[in-house]
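Step one of this worksheet: look at the structure below.
The values are calculated or read from the model by the stated rules, or taken from the named source; none is laboratory data. Only a predicted model underlies this, so the values are computations on that prediction, with no experimental measurement involved. Don't worry about glycine lacking a Cβ; one is built from the backbone with ideal geometry, like all the others, and counts go over all protein chains shown.
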Amino acid sequence: MQTHLRGRDLITTQEWTKDEIDTVLEVALELKRRRALGEPHALLRDKVLAMLFFFSSTRTRASFEAGMAQLGGHAQFIESKSTQIAHGDTAKEIGEILGRYNDGLAIRQVDWGVGNGYIREVAGASRVPVLNMQCDRFHPFQALADLLTIVERRGDPRNLTVDVSWAYAESYQKPLSVPQSLILLLTRYGMNVRLTHPPEFKLLPEMLDQAETNARAAGGSFEVLDDFDAGFRDADVVYPKSWGCMLTTADLEESARIGRGYADWIADEARMGLAKADAMYLHCLPADRGIEVTDGVIDGPNSAVYDEAENRLHVQKAVMALTM
Ligand code: CP
């Protein structure tokens, strides 16, 4: 267990050692146990987290805010549109100023080509830890919750076959951050990770290179497929979710048009039938029901989406308690 995480930023799990991530999982399970038993765990009494959102959220906002209250502190919700950011507050000023009011800064900024740089600029100016609540490149707390869910249900994750797959959705062109964080993190735990997507829906090449390096170091594997059904075949865990084709076109309308050519990439009962009988279905949510996944799959016996959403709370509390 690592005990020197106070003051650390979490922008991508790749910047934390495996020992440090193991510590997060261990502390998350302990805090989950304490909450289940009703044991108080006010580890952050009198501490305040600023949560700055440039984009909508259900789970992230609610779980960070609940987590801070359960840890004895407070979370302040700040929407960029109700601040003076639009009138000139810079990232440096946000880091300097909110860093003086608070004990931690959490930020969601998913604009393509902007979000990660913004969060890093705030972190450079902040005297307190900066936590990435999702940017254009990474969604580290989602991937940590997903890993915890897999480990809780399956134990040793080594050699599990996991399919991180694109699926069709209509609601909006979702960021690349979830699949990128997943392939980076799951490969470090010795899983056999498949990344499955139509040719236009590529992830950043440096993420693939890092996933390959991680897999080699951990004794697992990493492969890229372009056949939706092949991704499901004999998988232990399937994670079909949509993302935009930002690397093919900067035009979101064009991305949506290209996606419509793959409208049959829906996680349905037939696809689940290709995976192992006890295969776990994961999705970070929100999902486009009836389009990205059928009700029968997301509400079915293989689905772990509610445990997965719950685990956001526990991993976030662990990271806040360790860093703030
Ligand atoms: N999975 C996730 O980050 O959910 P929200 O967008 O609702 O926060």
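Filtering segment 173-191 down to residues that are small (Gly, Ala, Ser) and crowded, with 24+ Cβ neighbours inside 10 Å, which residue is farthest from the ligand (Cβ to nearest atom)? The residue in question is Ser181. Reported count of residues in segment 190-207, each being assigned to a helix (DSSP H, G or I) and either at positive phi or in contact with a strand residue (DSSP E or B) (Cβ under 7 Å, 6 or more places away or on another chain) (or both), is 0. Of the residues screened, Arg108 is not one that is among the basic types (Lys, Arg) and free of Cβ contacts under 8 Å to residues at least 12 places away in the same chain.
Okay, residues lined up against (1) under 26 Å from Leu25 (Cα atoms); (2) surrounded by fewer than 20 Cβ atoms within 10 Å (Cβ to Cβ); (3) in contact (Cβ under 8 Å) with a residue 12 or more places away in the chain:
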residue	(1), (2), (3)
Ser165	yes, no, yes
Ser171	no, yes, yes
Val193	yes, no, yes
Gly219	yes, yes, yes
Val238	yes, no, yes
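Checking each residue of segment 307-319 against the condition of being surrounded by fewer than 19 Cβ atoms within 10 Å (Cβ to Cβ), closer than 23 Å to Asn192 by Cα and touching a Phe, Trp or Tyr at 6+ places or on another chain (Cβ under 7 Å) gives no match.
Among (1) within 16 Å of the ligand (Cβ to nearest atom); (2) among the charged types (D, E, K, R); (3) not in a helix (DSSP H, G or I), which single condition is Arg127 missing? Of (1) within 16 Å of the ligand (Cβ to nearest atom); (2) among the charged types (D, E, K, R); (3) not in a helix (DSSP H, G or I), only one is false for Arg127: (1).
Counted as qualifying within segment 235-324 are the helices (runs of 4 or more DSSP H) with 2 or more residues that are farther than 24 Å from Val114 by Cβ, namely 269-272, 295-298, 305-323. Pairs are defined by a Cβ separation below 6 Å, a sequence spacing of at least 6 or placement on different chains, a first member in segment 66-92 that is without any contact (Cβ under 8 Å) to a residue 40 or more places away in the chain, and a second member that is part of a helix (DSSP H, G or I) and of a type in the set (D, E, K, R); the pairs so defined are Ala75/Glu65; Ala91/Glu121.
The requirement of being buried (at least 17 other Cβ atoms within 10 Å of the Cβ) and either of a type in the set (Phe, Trp, Tyr) or more than 16 Å from the ligand (Cβ to nearest atom) (or both) is not satisfied by Ile119.
In segment 252-269, the condition of being farther than 19 Å from Asp227 by Cα, within 15 Å of the ligand (Cβ to nearest atom), modelled with pLDDT of 95 or more and surrounded by fewer than 19 Cβ atoms within 10 Å (Cβ to Cβ) is met by no residue.
Would you check if Gly273 is farther than 21 Å from Asp226 by Cα and more than 16 Å from the ligand (Cβ to nearest atom)? Answer is no for this residue.
In segment 127-146, the qualifying residues are those that are surrounded by fewer than 24 Cβ atoms within 10 Å (Cβ to Cβ) and not hydrophobic (A, V, I, L, M, F, W, C), and the one that is nearest to Leu313 (Cα to Cα) is Asp136. For segment 283-293, state whether one or more residues are modelled with pLDDT of 95 or more, under 11 Å from Val238 (Cα atoms), crowded, with 24+ Cβ neighbours inside 10 Å and within 16 Å of the ligand (Cβ to nearest atom). Yes, segment 283-293 contains a residue that is modelled with pLDDT of 95 or more, under 11 Å from Val238 (Cα atoms), crowded, with 24+ Cβ neighbours inside 10 Å and within 16 Å of the ligand (Cβ to nearest atom). Under the condition of being of a type in the set (Lys, Arg), surrounded by fewer than 13 Cβ atoms within 10 Å (Cβ to Cβ) and within 16 Å of the ligand (Cβ to nearest atom), the residues counted in segment 17-68 number 0.
Applying the criterion of being out of contact with any strand residue (DSSP E or B) (no Cβ under 9 Å at 6 or more places or on another chain) and outside any helix (DSSP H, G or I) to the residues of segment 173-189, the residue that is farthest from Arg108 (Cα to Cα) is Gln173.
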